[in-house]
Structure formats: C-alpha cells, structure tokens
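Below you'll find the structure, written out as structure tokens, and then a few comments.
The values are calculated or read from the model by the stated rules, or taken from the named source; none is laboratory data. Since the model is a prediction, treat every value here as computed from it, not as a measurement. In this analysis, Cβ positions are derived from the backbone assuming ideal geometry, glycine residues included, and neighbour counts consider all displayed protein chains. Note: areas computed on protein heavy atoms with side chains; ligands, DNA, RNA excluded. Shrake-Rupley method; radii C 1.70, N 1.55, O 1.52, S 1.80 Å.
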Amino acid sequence: MLIDEVEIIARAGDGGAGLVAFSKQMKMHAPTGGDGGAGGDLYVEGVSDLNVLNQYRNQKEFSAEKGKPGGQNRRHGADGEDVVLKVPVGTIVYKLETILDAPEEFTRKQAEGRFPFEVTEVDQRILVARGGKGGKGNAEFRSSRKTSPEYAQKGLAGEAFKVRLELRLIADIGLIGLPNVGKSSLLNELTPKAAAKVANYEFTTLEPNLGAYWVTGADWERDKPVILADIPGLIEGAAEGKGLGHKFLRHIERTKVLFHCVAADSADPVADYKAIRAELTKYNPELMKKEEYLFVTRTDTVSPESVAKTVKAMMKLNKRITAISIYDDESLDSVRSLLDEITE
Ligand SMILES: Nc1nc2c(ncn2[C@@H]2O[C@H](COP(=O)(O)OP(=O)(O)OP(=O)(O)O)[C@@H](O)[C@H]2O)c(=O)[nH]1
Ligand SMILES: [Mg+2]
C-alpha cells in the first residue's frame, strides 16, 4: 500500500547549558566556564523511493540530539547531531502545531514562516526544526567591572513541531482505461518493484500504484526515474463521482503523458476508448490536451486477425498505438523503447 500521508513530531535538540566555573590556580577567581553546544537540527531530505513514508507509520517522533554542556577551562560543549528524515520527492511538509513543552527556563524562539514547503528534488535538504543555541559559559561574561561573574546561560530550546508529510503524486505518465484491462499488469512489467495487485475482476486497484522506470542507460546517481501512476479503472460517470474515478482523476491532472489501455478482447474497443475520453473531457477538458499513447492490451486472448482489425479501427482515433500482451516480451520491449524515447 502506498502511504501518502503521515503525521509526525519533529524535534530539534535543545542547546547545552553554559558552565559556571572558576580557575583554581589563580587567585583572581577568574571565570573559566565554557559555552554549551548547539542542539542538532532536524531536516527532511528528498529521495526517489516513493515508499519511504511507510517507515513513519510506526515511529512517530523524531528528535535531534541535545547540545552538550560547556566544560571547564572554557571548553565548548559538543554540538548535537542533526537528524535527517528521508521523504519522497513531492512531499509537502505542513505545520500542524508548535509544541511548547520545553522546561520553563528555556527561552524559545519559533520560526513560523517556513511552512508549508515542498521537497521537489532528490538530495534537497530542508530545515524543519532548528536546534537551540548553546548557552554562554561564565567566562563570556567577564568584564572589567565584573571579573568573577557567577552566572551562565541556559541553552535555548530546540524547535518542535507536529507536522504532516503529504506526498503529492508527481507522476510523469498516467495509466488509464476501463477496469480490468491490464493497467496494473503493464505497470508491474515495466516497473517490477511496484508489485501492484492484479486480478481478474473490476476495481482490483483501489488506490494509485506508482512505479519508477529507469530509462535504458540511465545514470542512477544523476538521472531521475520516470514515474508511472496506475490509477483505478475509470467507468462511465467517473467525472460525476461514479466508481473510484473522481478521486483519482485529480492525480492524472498532474501527469504529462497518458497511457490509455483498451482490452483487445473487449466487445467494442472503440466504444471503450471513447467512453474514457468522454469522462476525461467532462472532468477537465484540459486533459484532452495531454499527449496520449494508446495500447491495445491482452492481445494473446484473441486472434491476430482480430488484433489487426482493432488496431486498424483505433488508428483513426489515435495514431500512436501499440498492441501488447504481458506474455509477449517483444511487445513489452516496444513499450520500453517508447518510454525511452518520449522521456528523453
Ligand atoms: N491473457 C492476458 N491476461 C492479462 C494480460 N494483462 C493483464 N491480464 C489479466 O487481466 C486481468 C486484469 O489485470 P489488471 O492488471 O488487474 O487490470 P487493471 O486494468 O489494473 O484492473 P483494475 O485495477 O480493476 O482497473 C488479470 O487477471 C490479469 O492477469 C495480458 O496481456 N494477457
Ligand atoms: Mg489495476
């Protein structure tokens, strides 16, 4: 299951306290207390794995390390370690609540302006909660008038927020068509990791499945995969909310390209195609402008003559047409070549 929304608590580390200490050797009672270290920050960082939000289903709270207190002889306390939470690219971080449960002696500064924000690129690191500053040790407070200050600062509290991580599908290609035409099967062939559920009945897919396709010769370090979204089957009336369609048509509004699947063994493939196009138009006429590729699927279930006839009829509707079967590797290779080509 694709987890696309989680709520977590993100805490930065508190700053370490400054120390009050005096030199024992000197008669002057010189202050030598060091500063506390800064608390660690908490960041989110973009990754291409779309399933990483799953890990936040169980663990709900994440804290960066506290800064260490200052030491003798002006020794600076160590800074706390940062925490970096991986999120899929396309995740939006919303602030739900500012958590103010730090001990009272902490002065708290809270940044409110940073939310919401979207993580749009792999390796992009964005600050969620800033660690508290360390307190100054008493050595810092020495002055000509006050040569032996007996006070030091506490560290500042780290920021803490309850946030919602929401993944918006940023798919490049949307797989559409009537139920049971083999959309999820095609996704699994092209992107085996997607492991979408496939079964011989309508509405097997209840929520979108995403797959990451790496074009042939892609550089994993540098390139991004092409994201395919397989959405639940559409039916007549989808635009008015029938079936599961309406909710998911929203997702294909953001794709650049549509892969429209029509089953070769349908009683009337042309009517199927037109029905889906009609729903898309009703929902949002802009969808008609998307680049659409047509796939006549499940070709192994009918005779080659029948496939040829269907392809010929459908050519009139869309010339970018490919006949495929998940049991015909050559046909799947032609889809892969197509993907390589259109995503160049
Ligand atoms: N013979 C044959 N069966 C196929 C092929 N592609 C898919 N199927 C079968 O068709 C049925 C439906 O496949 P799915 O991939 O679940 O179809 P879907 O379009 O995702 O269906 P929904 O999720 O309900 O919209 C399953 O039983 C598949 O095994 C194919 O190329 N040949
Ligand atoms: Mg499906």
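Structure notes:
- Counting protein heavy atoms only, region 173-342 has 52 percent of its accessible area on carbon and sulfur, 1.4 angstrom probe.
- Global geometry of region 173-342, whether rounded, prolate or oblate, following the gyration tensor of its Cα atoms and the 1.5 cut on a/c: rounded
- Solvent-accessible area per residue for region 208-325 (1.4 angstrom probe, square angstrom): 49
- Chymotrypsin sites (Phe, Trp or Tyr not before Pro) lying in DSSP loop within region 180-224, provided at most 10 other Cβ fall within 10 Å: TYR201, TRP220
- Sparse-neighbour loop sites [chymotrypsin sites (Phe, Trp or Tyr not before Pro); region 283-344; at most 14 other C-beta within 10 Å; DSSP]: TYR327
- Qualifying GluC sites (Glu not before Pro) in region 168-230, where qualification requires a DSSP coil assignment and no more than 13 other C-beta atoms within 10 Å, comprise GLU221.
- Gain in span if fully extended, MET288 to VAL198, counting 0.36 nm per residue against the direct Cα distance: 29.6 nm
- Each DSSP beta bridge with both residues in region 1-168 is either parallel or antiparallel, and the antiparallel ones are about 70%.
- Spin-label pair ASP101/TYR327, simplified geometry with 7 Å Cα→Cβ offset, distance in nm: 5.9
- Site-free segments of the chain were taken between trypsin sites (Lys or Arg not before Pro) in DSSP loops having at most 12 other Cβ atoms within 10 Å, sites themselves excluded; the longest one is 223-315.
- At 1.002 mPa s and 20 °C, Stokes D of the chain from Kirkwood alpha-carbon radius, µm² per second: 91
- A crude spin-label estimate for the pair LYS242 and ILE3, with each label 7 Å from Cα along the Cβ direction, gives 3.7 nm.
- Accessible area per residue for region 1-168 is 53 Å², calculated with a 1.4 Å probe on protein heavy atoms, without ligands, DNA or RNA.
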